[in-house]
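Trainee: Quick one: the structure is below, and I'll ask about it shortly.
Computed from the coordinates by the stated procedures, all read-outs in this text should not be read as laboratory data. Here the structure is a predicted model, which is why all the values come from computation and not from measurement. Using ideal geometry, Cβ is built from the backbone for each residue, glycine included, and neighbour counts are taken over all protein chains shown.
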Amino acid sequence: MKHRHGILSVSGAFAALSLSALLLSTASLPASAQAYPNKPIRMVVTAAAGGITDIMTRIMSENIQRSIGQPMIVENRPGAGGSTAVQYVAKSTPDGYTLVIVNVGNASIAPWITKDLPYDPLKDLVGVAAVAEVPSVVAIPDSLPVKTLKEFIDYCRANPGAINYGSAGTATMPHLAAELLAHMIGVKMVHIPYKGAAPAGVDLAAGRIQLSLLGVGSVRAQLAAGTVRILAVAAPKRIPAIPNVPTFAEAGLPAYEVTNWFGVLAPTGTPRDIILMLNNHIGQAFDNPKSVEQLTTAGIVPMRESVEQFQKRIISDHTKWRDVVKNAGIKPE
């Protein structure tokens, strides 16, 4: 009996040691292997409240926090063209609790137009998930005597130097989109920068400029009033907001594709299992038909890409817009 008790005592001691070792090994596991998330997640926005990025983020975050089981706090940090917010997140702890929603400008264009950019988008940050895209559209005043993209290109070639195009400012997406189009069709157009897309849309409707490549939401009022006509949309397929407008490929210029996409980035070093989990939840955020409707009526198209696809997009656009900026003669400021 003593011997049997001795065996039991040794077994019990061994079990206690095993349990202690298990507890110690669990305690030493990285944060990514423990329950994630176990506290609120911050989604930093590069723009002020009320803008397109903010609205899109709040719709997305509301759906994500329901599926992920933790609050997602939207934090607006506008300033310096978005670099204030991106730099803040790039320097944050890479644990999946501080993310930033950016557009193509912050991730792929800023390095070519901003002197002393305080972050490197390819080294300091990693792509988590694509969120949505706002395809550029060729918008012209209704008074211009053309009805199709081909007629517009012929008109530009027949009237060299007579086309003024408006943008939301130097080196903004509408500026670079128009420069890319001018380069592809071999014409010279005059750039008129505005302080935002809205005033450019007003002058377009009045006929003071002959072209602008904006998101359809920026000219929705003018389109409804019949003062602006849209000739083509720079997307792989037609968009729900303007289903009768052809894509560039359908209109005869298949190589042209310009999209102002939005996506979520995390600091480099964020564990891959966390990134994959976030990618899945962000991808499901717009499965709700009501959320999709809120976006599509504004000309915003929800996107869903794998982590690899999104990172490839960032790198590809990084190279693409470098060449456009160089051809346009834009100098970093």
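Trainee: Give me 318, 175 sorted ascending by neighbouring Cβ count inside 10 Å, so fewest comes first.
Mentor: 318, 175
Trainee: Using +1 at the Cβ of each Lys and Arg and -1 at the Cβ of each Asp and Glu in the chain, identify which of 112, 233, 169 lies farthest towards the dipole's positive end.
Mentor: Positive-most Cα among the choices belongs to 112.
Trainee: Quick check for me: using +1 on Lys/Arg Cβ and -1 on Asp/Glu Cβ, what's the dipole size of the chain about its Cα centre, in debye to the nearest 20?
Mentor: Computed about the Cα centre, the dipole is about 400 debye.
Trainee: To make sure I understand the rule: partners must be lysines, Cα under 26 Å from the Cα of residue 320, and not fewer than 8 residues away in the same chain. Which ones qualify?
Mentor: Once the sequence-local lysines are set aside, what remains near residue 320 is 115, 123, 150, 188, 195, 237, 312, 331.
Trainee: What is the set of long-range amide H partners of residue 169 at a cut-off below 5 Å, with H atoms built 1.01 Å from backbone N?
Mentor: 175, 194, 196
Trainee: Give me the percent relative contact order of region 135-233, please, defined on Cα pairs under 8 angstrom at least 6 residues apart.
Mentor: That works out to 46 percent.
Trainee: Let me ask another. How large is ³J(HN,Hα), in whole Hz, for each residue of region 97-104 in order, when computed from phi with the Karplus curve 6.51 cos²θ - 1.76 cosθ + 1.60 and θ = phi - 60°, using x for Gly and Pro?
Mentor: Couplings: 9, 9, 10, 9, 9, 10, 10, 4 Hz.
Trainee: Another question, if that's okay. So which DSSP H runs in the chain come out at 15 Å plus along the axis (Cα) with average Kyte-Doolittle of at least -0.5?
Mentor: Length and hydropathy pass: 2-27, 52-68, 173-185, 272-284.
Trainee: Could you sort 202-208, 69-75, 133-139 so that the peptide with the highest average Cβ count within 10 Å comes first and the rest follow in order?
Mentor: The most tightly packed comes first, giving 133-139, 202-208, 69-75.
Trainee: Further question on the same structure: For region 158-206, what's the relative contact order in percent, using C-alpha pairs closer than 8 Å and at least 6 residues apart?
Mentor: Relative contact order, region 158-206: 47 percent.
Trainee: Using the count of nearby Cβ atoms within 10 Å as a rough guide to exposure, how do 212, 306 rank from fewest to most?
Mentor: 306, 212
Trainee: If each residue of separation counts as 0.36 nm, what is the full-extension length gain between residue 294 and residue 146 once their alpha-carbon separation is subtracted?
Mentor: 50.1 nm
Trainee: Going highest first, how would you order 96-109, 232-245, 148-161, 275-288 by mean Cβ packing within 10 Å?
Mentor: With the highest mean Cβ count within 10 Å placed first, the list reads 96-109, 275-288, 232-245, 148-161.
Trainee: I'm spelling it out carefully: the read-out is Rg and Dmax of the Cα atoms in Å, the candidates are [x] 20.7, 73; [y] 20.1, 64; [z] 25.2, 108, and one was derived from this structure. Which label?
Mentor: Answer by label: [z].
Trainee: Below 8 Å, C-alpha to C-alpha, sequence gap of six or more: please give me the relative contact order for the chain in percent.
Mentor: 25
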